[in-house]
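Trainee: The structure that follows is given in the form of structure tokens.
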Amino acid sequence: MNLELLESFGQNYPEEADGTLDCISMALTCTFNRWGTLLAVGCNDGRIVIWDFLTRGIAKIISAHIHPVCSLCWSRDGHKLVSASTDNIVSQWDVLTGDCDQRFRFPSPILKLQYHPRDMDKVLVCPMKSAPVLLTLSDSKHVVLPVDDDSDLNVVAAFDRRGEYIYTGNAKGKILVLNTNTQELVASFRVTTGTSNTTAIKSIEFARKGSCFLINTADRIIRVYDGREILTCGRDGEPEPMQKLQDLVNRTPWKRCCFSGDGEYIVAGSARQHALYIWEKSIGNLVKILHGTRGELLLDVAWHPVRPIIASISSGVVSIWAQNQVENWSAFAPDFKELDENVEYEERESEFDIEDEDKSEPEQTGGDAAEDEEVDVTTVDPIVAFCSSDEELEDCKALLYLPIAPEVEDPEENPFGPPPDASVQGATQEDALAGGDKKQRQPSSESGPAKKKARTTTIELQGVPSDEVHPLLGVKGDGKSKKKAAGRPKGSKGKDKDFPFRPKPYRGDRPSFPVEALGSSGPGVGGAGGGMKGRAEGVLAPGKHATSHAAQSGSSASPAALLV
């Protein structure tokens, strides 16, 4: 469908549920890339599942963290993904290879992180009980942003649409606008309720188009401001919000708010139930309420960058909301008009003539000229919906889609060339023990060289408590079950139920191999069918306890047993 026709007639917001995406494990947060072709979902077991949104299939699974993923953000070109987990670690990932480029360890849990909209080298991080931190990835340096009041450190922050300014908000309703490069204060104002009472800032979100942004506050009101007016007012200004959006009947608190792709609508997810409220920004009227399953709590909401589609997360499942598509296959003439009542038709004098005697000569010439005109069919025009207002061309290096490798359940022989050598076997085995998903791994990564370990940088922040617990882990009523299920176990310790391999009882006489032969490339080691057997026995050979364990388990020993 042509993207230029989307902003056509009728409403441009979703109306009904359009299915769900099952990520196998519990989904906690989601975000679209800049074009809406890929959807990254952070899960409770630390994995990042990347969905191809056009085919609604899983394109890649990255075994990113051990603890639950609490925040995600795509880079501008779509090649990188930055993630934060509840164990205070921020990681940058290469989307194509699934490798970790670098890690940062913070003293407190991360509430939100965001790439600079135009500079992939900068990431804005909002730790709990701390001022926001601006990370520079290339040299692993960080800058702590200035705050209005050092005693109040419940601060949220966000880049504006082009990354020129950083907007921060604290628990006393104070908004600071800082220059991104110099961190100097450019403008500031206070969000007040009524006369002088202040309210805590919960989140700040910017529209993809235009200069508007919204502020979600603790008084259950969403205020929409114009960024140009904020900068004009300067320090300690008193700008008036363009709109104040709220649920006057139920006084609903808002969990997550965001703009539509064109910036004309605002969606807010209720903190009490799985319900999405959609307002029209220009008028401020509520146009739609989308109700999910009763009794579920909403965790995250994301609006598709281009289309009228919303993704919401509740009870670990991603729900998709879209427009009701009514197929109409009828076709009419270009000048066809549908009439409500009979209209007297005035016939043209030459309408039923075989040859139009009144036809003028210049029109005929014009028609011939149009036929002789050459049509350019090679030049590709940029799609306006994918370009910013200050851009004329699309990003030619952008990553729109991910290649999907075919899954082979039981290959009879190795289709990817000769068997890897012993060092690569050891690296592959370590990857398997680390919980990597065998099915989703690319074939090239198995036969390639050993992966370089990502550099980890510890970020020191002054006066930040290190015993804070992330809000995701402290949900009332859900805390116990979440803490129990969160993350993958370190090591085996007998917990090998998450591994795809199971020890099978060996039937018949087990041949006795000398200990030296177990590590050599004997029968069943060269081919892919006996590769696992050869690798497992090669590691089991040195230890007596491990050898006896392998003898009990049979030829296909469990990788979890190798750690005993």
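The values are calculated or read from the model by the stated rules, or taken from the named source; none is laboratory data. Here the structure is a predicted model, which is why all the values come from computation and not from measurement. Heads up, the Cβs are rebuilt from the backbone with ideal geometry, glycines too, and the neighbour counts pull from every protein chain shown. For accessibility, only protein heavy atoms count, side chains too; no ligands or nucleic acids. Shrake-Rupley method; radii C 1.70, N 1.55, O 1.52, S 1.80 Å.
Trainee: Give me P(r) over region 114-189, computed from all C-alpha to C-alpha distances, binned every 5 Å, as integer percentages.
Mentor: Once binned at 5 Å, the Cα pair distances of region 114-189 give 3, 17, 30, 27, 16, 6, 1.
Trainee: With no solvent and one equal point scatterer placed on each C-alpha of region 48-166, evaluate the Debye formula and give log10 I(q)/I(0) for q = 0.13, 0.16, 0.17 Å⁻¹, two decimals.
Mentor: Per q value, in the given order, log10 I(q)/I(0) is -0.51, -0.76, -0.85.
Trainee: Mind ranking 374-382, 46-54 by how tightly packed they are, going by the mean number of other C-beta atoms within 10 angstrom, highest first?
Mentor: In decreasing order of mean packing, 374-382, 46-54 become 46-54, 374-382.
Trainee: Inverting the mean 1/r over all pairs of different Cα atoms, compute the Kirkwood radius of region 96-144 and quote it in Å.
Mentor: This gives a value of 11.7 Å.
Trainee: What FRET efficiency, computed as 1/(1 + (r/R0)^6) with R0 = 51 Å and r the Cβ-Cβ distance, is obtained for Arg162 and Ala271, rounded to the nearest 0.05?
Mentor: 0.95
Trainee: Which cross-chain or sequence-distant (5 or more) residues have an amide H under 5 Å from the amide H of Val317, H modelled 1.01 Å from N in plane?
Mentor: Under 5 Å from the amide H of Val317 lie the amide H atoms of Ala27, each far enough along the sequence or on another chain.
Trainee: Using only the Cα atoms of region 155-277, what are the Rg and Dmax in Å?
Mentor: Rg and Dmax of region 155-277, Cα atoms, are 13.9, 45 Å.
Trainee: Also, I was wondering about something else. Could you tell me the accessible area of Lys141 in Å² (1.4 Å probe, neighbours in place), rounded to the nearest ten?
Mentor: Roughly 130 Å² of Lys141 is accessible to a 1.4 Å probe.
Trainee: Greater than 23 Å separation of Cα atoms is the criterion. Which listed pairs, Lys80/Lys174; Lys122/Lys397; Lys172/Lys255; Lys112/Lys255; Lys129/Lys453; Lys141/Lys174, meet it? Present the calculation step by step, with values, prior to reporting the outcome.
Mentor: Numbers: Lys80/Lys174 33 Å; Lys122/Lys397 19 Å; Lys172/Lys255 19 Å; Lys112/Lys255 14 Å; Lys129/Lys453 31 Å; Lys141/Lys174 27 Å.
Pairs exceeding the cut-off: Lys80/Lys174; Lys129/Lys453; Lys141/Lys174.
Trainee: Something else: Keeping all protein chains in the complex and leaving out DNA, RNA and ligands, what accessible area do you get for Arg118 with a 1.4 Å probe, in Å² to the nearest 10?
Mentor: Ignoring ligands and nucleic acids, Arg118 comes out at about 90 Å².
Trainee: Let me ask something else about it. How far apart, in nm, are the 7 Å Cα→Cβ label points at Asn179 and Asp101?
Mentor: 2.7
Trainee: Subtracting the Cα-Cα distance from 0.36 nm times the residue separation, let me have the gained length for Glu347 to Thr458 in nm, one decimal.
Mentor: 31.6 nm
Trainee: Determine ³J(HN,Hα), in whole Hz, for all residues of region 37-53 in sequence, where each value follows from phi through the Karplus function 6.51 cos²θ - 1.76 cosθ + 1.60 and θ = phi - 60°; x replaces Gly and Pro.
Mentor: 7, 10, 10, 9, 10, x, 10, 6, 9, x, 8, 10, 9, 9, 9, 7, 6
Trainee: So what's the Cα pair-distance distribution over region 209-284, bin width 10 Å, in %?
Mentor: Reading upward from the zero bin: 19, 50, 26, 5.
Trainee: If you find the alpha carbon centre of region 258-332 and of region 86-154, how far apart are they in angstrom?
Mentor: Here the two parts' Cα centres lie 29 Å apart.
Trainee: Just to make sure I understand: if all protein chains stay in place, what is the order of Thr232, Thr193, Thr37, Thr198 by accessible area at 1.4 Å, largest first?
Mentor: Reading off the accessible areas and sorting them downward yields Thr232, Thr198, Thr193, Thr37.
Trainee: Still on this model: Using modelled backbone amide H atoms (1.01 Å from N, in-plane), which distant-in-sequence or interchain residues come within less than 5 Å of Ala271's amide H?
Mentor: Trp254, Lys255
Trainee: Moving on. Starting from the coordinates of the alpha-carbon atoms of region 93-247, obtain the Kirkwood hydrodynamic radius over all distinct pairs and give the value in Å to one decimal.
Mentor: 16.2
Trainee: Take region 165-226, drop everything but the C-alpha atoms, weight them equally and run the Debye formula without solvent; then report log10 I(q)/I(0) at 0.14, 0.20, 0.22 Å⁻¹ to two decimals.
Mentor: -0.40, -0.78, -0.91
Trainee: Right, another one. For a Förster distance of 56 Å, can you work out the FRET efficiency between the beta-carbons of Ile404 and Lys244, rounded to the nearest 0.05?
Mentor: 0.75
Trainee: Right, here's the next one. With a Förster radius of 30 Å, plug the Cβ-Cβ distance of Ser315 and Glu338 into 1/(1 + (r/R0)^6) and report the FRET value to the nearest 0.05.
Mentor: Step by step, r from the Cβ atoms, then E = 0.05.
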